[in-house]
Structure formats: structure tokens, C-alpha cells
Amino acid sequence: MSVSTRFKSGRTGTGDAYVSDHGGSPHAQFMRLTSYALIPLGALSAWWILGIAGKPLDGVRAEIGRPIPALVLLAFGVVGMIHARKGMDDIIEDYVHDEALKAQALVANLWASRAIAALWVVAILLIAAPK
């Protein structure tokens, strides 16, 4: 005869499923938070980018020069690159076994992600800047 263990979970209440009450490591929590942030930022960014497709440069500047689209696009680029860098760090740490190569790959990933984020920010600011 099998006996199911009943327990009280802070999230799910009394039940017989094995559910952890922990939210994960700080790294996992950060990745989850940035994932949640990227959903609306990505949707809004795609909406604005698709909306300016085919417009002349003056129309693009007028659209991205407004505060909300510019801030959303900036946040999407920066948060996206932070999320991508942390994810790539996990891949490097898991699959690169040579310690020297791992250290080099982590540094290259850090600087590449910073460069991409900086280029994104400069591009948005140059487009949004008044003529």
C-alpha cells in the first residue's frame, strides 16, 4: 500500500505534489525577471519598428524621438543584452572545460555584449536626436 505524503506549500497549499518553495538561485531569479521584462519590451519594440518600416528618415526620427518609444527601445536593447550575456555565461561555464579558454571566453562575452548594447543605445539616440 502506498502512502502519499501530504505537505503544506507556501505557494500551492496542501497537496501531494513535490513542489519547492524556493524561488531558485539569485541568478535564476534575475534571468526570470529579465525574461518577464523582455516580453512587453520586445512586443512594443517590434510594434514600433514594424510601424516605422518604409517611412522616410524624418518620419522615423519623429516616431523614435518621442520619449516613450525611445525609452522602450533603449530598455529593450540594454535589458536584452544583459539577459543574453548572462545566458551565454552559463553556456560558456557549462561547456568550456579549459579554464584559460573559459576565462577568455567570459571576458570576450562581457565586452562583446557591452559593445552591442552601446551601439544599440548610440543608434537609438542618433536617430531620436533632433536635427
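Size of segment 31-128: Rg and Dmax of its alpha carbons, in Å, are 16.3, 51. Each Lys or Arg adds one and each Asp or Glu takes one away; over the other residues whose Cβ falls under 14 Å from the Cβ of residue 59, this sums to +2.
Read-outs: derived from the displayed coordinates by stated rules, not from any lab. Because the structure is predicted, anything quoted here is derived from the model rather than measured. In this analysis, Cβ positions are derived from the backbone assuming ideal geometry, glycine residues included, and neighbour counts consider all displayed protein chains.
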